[in-house]
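Undergrad: To start, I am sharing the structure in question, which I have written as structure tokens.
Where a number appears in this text, it was derived from the coordinates with a stated rule and is not lab data. Computed from a prediction, not measured in an experiment: that's the story for all the values here. Every residue, glycine among them, receives a Cβ derived from its backbone with ideal geometry; neighbour counts consider all protein chains shown.
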């Protein structure tokens, strides 16, 4: 079977869940081959976990520059790997960085580009969410290789242990004048909650929360469920919650097992970032709120009355075992 290259998302020490999803998706089209871009020693730390999820080969593109520049090292590594192994496709996560890498790679190797994929059919068809989440389409690259940006959360990671071989890729020198350089790093203050794009449960607040102090209700429910906290663009723009937690077309795309929307009307911009969630629960005092058209379960009521009741019920049931 042909190789399907997967760009590995990692933090230097561990592989992120989105990569395991890509490896699972890649098996539909061929043999998953992981491409690790990082500083020297990164691939060695990640190989075992990648092999456990089906990566038959690990391409290690390592250099000191890989930790200094944005985007370019990943594009260079993938281009090198593509020209070396002629894969059936390249899969990356459909994040802000991933979509940039996918577009630049497709231009370099003259490949077809598909963004925001949520399913890969063994026949070669790709299901995409397009036009800000308002349409679902089925697409196919008809000429050349496919470069596909897959939405995080679209596939359930499945372990598939194999023996992985490691292969080195030599990154070319980077032109500092033509590449964005990382000048500083600052740790994200995320606390003990799971990362927004990796959480099985996400509880998000919108304009209806009323202010920054109102997000306490959102956080308490998220903590009771062991989930992450999200926010709508309206809440972020109003200063209720930090931008890093924004869910939507201009924020993060999530696809958890359970998504709870508190005080979110359901503008298309927000729905585009969470509509592939497995189960959606909405709480809003406006019975005409668009979010109810997408929700599996809807509660018309005051979120400050409903959410605390739900938090107490969850807490009591967990305490009872």
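Undergrad: Run the numbers on the range 3-178 and let me know its relative contact order in percent, using alpha-carbon pairs under 8 Å that are six or more apart.
TA: Details: 394 pairs, mean separation 51.1, N = 176.
Relative CO of the range 3-178 lands at 29 percent.
Undergrad: Then there's this: Relative to the longest principal axis of the chain, what angle (0 to 90°, nearest 10) does the C-alpha long axis of helix 215-225 take?
TA: Taking Cα atoms only, the helix is inclined about 70 degrees.
Undergrad: Can you give the relative contact order of the range 201-319 as a percent, counting alpha carbon pairs under 8 Å and 6+ residues apart?
TA: 24 percent
Undergrad: Roughly how many Å is it from the Cα centre of the range 36-68 to that of the range 225-252, as a whole number?
TA: 31 Å
Undergrad: Just want to confirm a number: the relative contact order over the chain, from Cα pairs under 8 angstrom separated by 6+ residues, in percent. Display every interim value, and only then the final one.
TA: Details: 727 pairs, mean separation 47.3, N = 321.
Once divided by the residue count of the chain, the mean separation gives 15 percent.
Undergrad: Round to the nearest 10 and give me the degree value, 0 to 90, for the angle of helix 72-85's Cα axis relative to the longest principal axis of the chain.
TA: 50 degrees
Undergrad: Could you put 223, 76 in order, starting from the residue whose Cβ has the fewest other Cβ atoms within 10 Å? Each step should come with its number before you reach the end.
TA: Working: 223 17, 76 26.
In increasing order of surrounding Cβ atoms, one gets 223, 76.
Undergrad: Helix 17-26 sits at what angle to the longest principal axis of the chain, using alpha carbons and giving 0 to 90 degrees rounded to 10?
TA: 60 degrees
Undergrad: Can you put 241, 259, 20, 297 in order, fewest other beta carbons within 10 Å first?
TA: Values: 241 23, 259 29, 20 26, 297 11.
Going from least to most buried by this count: 297, 241, 20, 259.
Undergrad: Please arrange 108, 185 by counting, for each residue, the other beta carbons lying within 10 Å of its beta carbon, fewest first. Please report the intermediate quantities before stating the final value.
TA: On the way: 108 15, 185 6.
By the 10 Å Cβ count, ascending: 185, 108.
Undergrad: For the chain, with a Gaussian network of springs between Cα atoms less than 10 Å apart, report the residue from 147, 85, 201 with the top mean-square fluctuation.
TA: 85
Undergrad: Follow-up question, since we're still on this one. With springs only between Cα atoms under 10 Å, which of 32, 40, 73 fluctuates most in a Gaussian network model of the chain?
TA: Largest GNM mean-square fluctuation: 40.
Undergrad: Please label the shape of the chain as rounded, prolate or oblate, based on the square roots a ≥ b ≥ c of the eigenvalues of the alpha-carbon gyration tensor (a/c under 1.5 means rounded; beyond that, a/b larger than b/c means prolate, else oblate).
TA: Numbers: a/c = 1.92, a/b = 1.78, b/c = 1.08.
Prolate, because a/c is 1.5 or more and a/b exceeds b/c.
Undergrad: Can you show me the helix-derived [θ] at 222 nm for the chain, built from DSSP H runs with n ≥ 4 at -39,500 (n - 2.57) apiece and divided by the number of residues, rounded to the nearest 500. Kindly include the intermediate steps, with their values, before the conclusion.
TA: Working: 8 runs with 86 residues, N = 321.
The per-residue figure over the chain is -8000 deg cm²/dmol.
Undergrad: Between 307, 77, 60, find the one with the highest GNM mean-square fluctuation for the chain; connect C-alpha pairs within less than 10 Å.
TA: In this elastic network of the chain, the residue with the biggest mean-square fluctuation among 307, 77, 60 is 307.
Undergrad: If you don't mind, there's one more thing I want to ask. Under 1.5 on a/c is rounded, so check that first for the range 229-321, then, if it is not, pick prolate when a/b is larger than b/c and oblate when it is not; a ≥ b ≥ c are the square roots of the alpha carbon gyration tensor eigenvalues. Can you show the working numbers first?
TA: Details: a/c = 1.56, a/b = 1.44, b/c = 1.08.
Note, shape of the range 229-321 comes out prolate.
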